[in-house]
Amino acid sequence: MISFILLAGGNGSRMNQPVPKQYLLLAGKPVIMHTLERIDDIKDISEVIIVCNEKYHDLLNNYISSYMLRKKIVYADAGSTRQQSVFNGLKKVTSNLVIIHEAARPFVRKSDFELLINDEAENITYGIDIPFTVLKANNYINGTLKRDELINVQLPQKFNVSSLLMGHMKAIEDNLLFTEDASLLFHYGLGQIKVIKGNSYNLKLTEPMDLILGEIIYKEYFTGRD
Amino acid sequence: MKTCIITGAGTGIGRATAIDLSNKDIFDTLVLIGRNPQHLNETYAKMNKKKDIRKIIYDLSDLEGIPDLISEIYRFNDRIDCLLNIAGTADPQPLLNTSIENMKDTYTVNVFAPFMLIRECVKYMKNNSEGAKILNVASTAGITPRPGWLSYSSSKAAIISMSLTLSEELAEYRIKVYCVSPGRCATALRKKLAPDEDPSTIMQPEEVSNVICQLVSDEERCLDGQNIVIRRKI
């Protein structure tokens, strides 16, 4: 069995909306519910830990009841950083393995989660090639990077819970902040991390324009409608 | 056991559809909903008894009871595959005679009850691995102006819009939403709208039910998400 952490603690400040992006409607449904519905009948997922601000618990409970979700759902408090939010979620996990996903990525199919679950590797991230050039720079270019050695890291990811928790404890001790967990685990050499090829539909909703694109992606990728 | 719920099954298009479906190999269980026991019994008497048929006396203007109604049907049948919203009402009045009660009563049966039925059924339908179907019976009165039929025609416009919206919203669950708009059809409701008309000269309920049966059959996969006008030209 595997636990599932859904990160929903973002405040969506870049969306310029009164509520965080995970509660906005996408194709008529709150963004966060797209993921929660798709994982609801994956039998291997034993528990869902939603990491979010406490003030949204009532709203989420209302959604969960209306959509008649059957999974056991618990809440963890959102932290002041993404890393702290993941750590808060990890502390609630009761399985040896965990999938980490973020509510702002609603274009992930049930089969994508199942692929992670069924893979024997314990630490896996989705990733896609980078189709553009990335350089190191501040005000001036100060370094080059080889594009074919880089990947664009996507969620969902799967991790061994003990290893990831250990990594988080070390990061707290070292006062280091990572923007996602494959980087953290790799930094501390706590396990090999497999990369599974993701796809470009797995957009993370960040800017207002992403919601416009999101409606198109949803129609094309999930309903096949004109 | 593939299950289909039919509202308004006591008369008119609902009755014709119930009878028609009882003779077709589409559903195993037909749940007939109507408010008049005698009318439902008359429908039942004309149906093929090889089907599993359940009769439920229920007045759809009781909106609050609809969640329990549907959960009870689900508990008994363990699945809901199709919902046919056929029940309708009309009290044609010119604007200056149209009371708020008239508007509320008409919208309750023609719009709010279908909305509640759909919402409650979808809670179960969305877990059907092979999908499900919802069909709403609107009217050509919902797409062309009908002076004197304000509450009825506007309620039918609402159900057309609701159908198109839900067709998109429910597509990921593989729930297909159909909307049919019959033209003049010889039903008791039509008699209220056009009392002087000779019913034998216009489209019959069986002609509408024939289209409905085609739409809810397993073979039909392409006509959801649009308002389908059913009209006999001659």
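The values are calculated or read from the model by the stated rules, or taken from the named source; none is laboratory data. Bear in mind that the values here come from a model prediction, so they are computed numbers and not experimental data. Please note: Cβ atoms are built from the backbone with ideal geometry, for glycine as well, and neighbour counts cover all protein chains shown. Ligands, DNA and RNA are excluded from the accessible area calculation, which covers all protein heavy atoms including side chains. Shrake-Rupley method; radii C 1.70, N 1.55, O 1.52, S 1.80 Å.
Annotations for the structure displayed:
- Test: A:SER183 is in contact with a strand residue (DSSP E or B) (Cβ under 9 Å, 6 or more places away or on another chain), modelled with pLDDT under 95 and away from every other protein chain (no Cβ under 14 Å): no
- Residue that is farthest from the other protein chains (Cβ to nearest Cβ) [pool: residues in region B:127-138 that are within 11 Å of the chain's Cα centre (by Cα) and without any contact (Cβ under 8 Å) to a residue 60 or more places away in the chain]: B:ASN136
- Candidate set: region A:1-35, residues that are in contact (Cβ under 8 Å) with a residue 60 or more places away in the chain and within 14 Å of chain B (Cβ to nearest Cβ); chosen: the one surrounded by the most Cβ atoms within 10 Å (Cβ to Cβ): A:THR35
- Some residue of region B:164-176 being part of a helix (DSSP H, G or I), more than 14 Å from chain A (Cβ to nearest Cβ) and either basic (Lys, Arg) or touching a strand residue (DSSP E or B) at 6+ places or on another chain (Cβ under 8 Å) (or both): no
- Residues of region A:73-80 include at least one that is modelled with pLDDT of 95 or more, crowded, with 18+ Cβ neighbours inside 10 Å, touching a His at 6+ places or on another chain (Cβ under 7 Å) and not basic (Lys, Arg).
- Residues that are more than 13 Å from chain B (Cβ to nearest Cβ) and without any contact (Cβ under 8 Å) to a residue 40 or more places away in the chain were ranked within region A:40-59; the one that is most open to solvent (accessible area, probe 1.4 Å) is A:LYS43.
Here's the yes/no breakdown for (1) more than 14 Å from chain A (Cβ to nearest Cβ); (2) of a type in the set (Gly, Ala, Ser); (3) touching a residue at least 60 places away in the same chain (Cβ under 8 Å):
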| position | (1), (2), (3) |
| --- | --- |
| B:GLU42 | yes, no, no |
| B:LYS46 | yes, no, no |
| B:ILE73 | yes, no, yes |
| B:LYS104 | yes, no, no |
| B:MET125 | no, no, no |
| B:TRP149 | yes, no, no |
| B:SER153 | yes, yes, no |
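- Taken over region A:167-185, the residue count meeting the criterion of being open to solvent by 90 Å² or more (accessible area, probe 1.4 Å) and touching a helix residue (DSSP H, G or I) at 6+ places or on another chain (Cβ under 9 Å) is 4.
- Residue tally, condition more than 14 Å from the chain's Cα centre (by Cα), of a type outside the set (D, E, K, R) and outside any strand (DSSP E or B), over region B:177-209: 11
- Matching entry among A:VAL108, A:VAL86 (being buried (at least 20 other Cβ atoms within 10 Å of the Cβ), within 14 Å of chain B (Cβ to nearest Cβ) and hydrophobic (A, V, I, L, M, F, W, C)): A:VAL108
- Filter result for the condition that a residue is charged (D, E, K, R), within 14 Å of another protein chain (Cβ to nearest Cβ), open to solvent by 30 Å² or more (accessible area, probe 1.4 Å) and on the phi < 0 side of the Ramachandran plot, over A:LYS219, A:LYS194, A:LYS204, A:LYS146: A:LYS219
- Within region B:75-102, the set of residues being more than 23 Å from B:THR187 (Cβ to Cβ), out of contact with any Cys (no Cβ under 7 Å at 6 or more places or on another chain) and touching a residue at least 60 places away in the same chain (Cβ under 8 Å) comprises B:ASN77, B:ASP78, B:ARG79.
- If you go through region B:89-113 and pick out every residue that is over 25 Å from B:ILE66 (Cβ atoms) and crowded, with 17+ Cβ neighbours inside 10 Å, you end up with 3.
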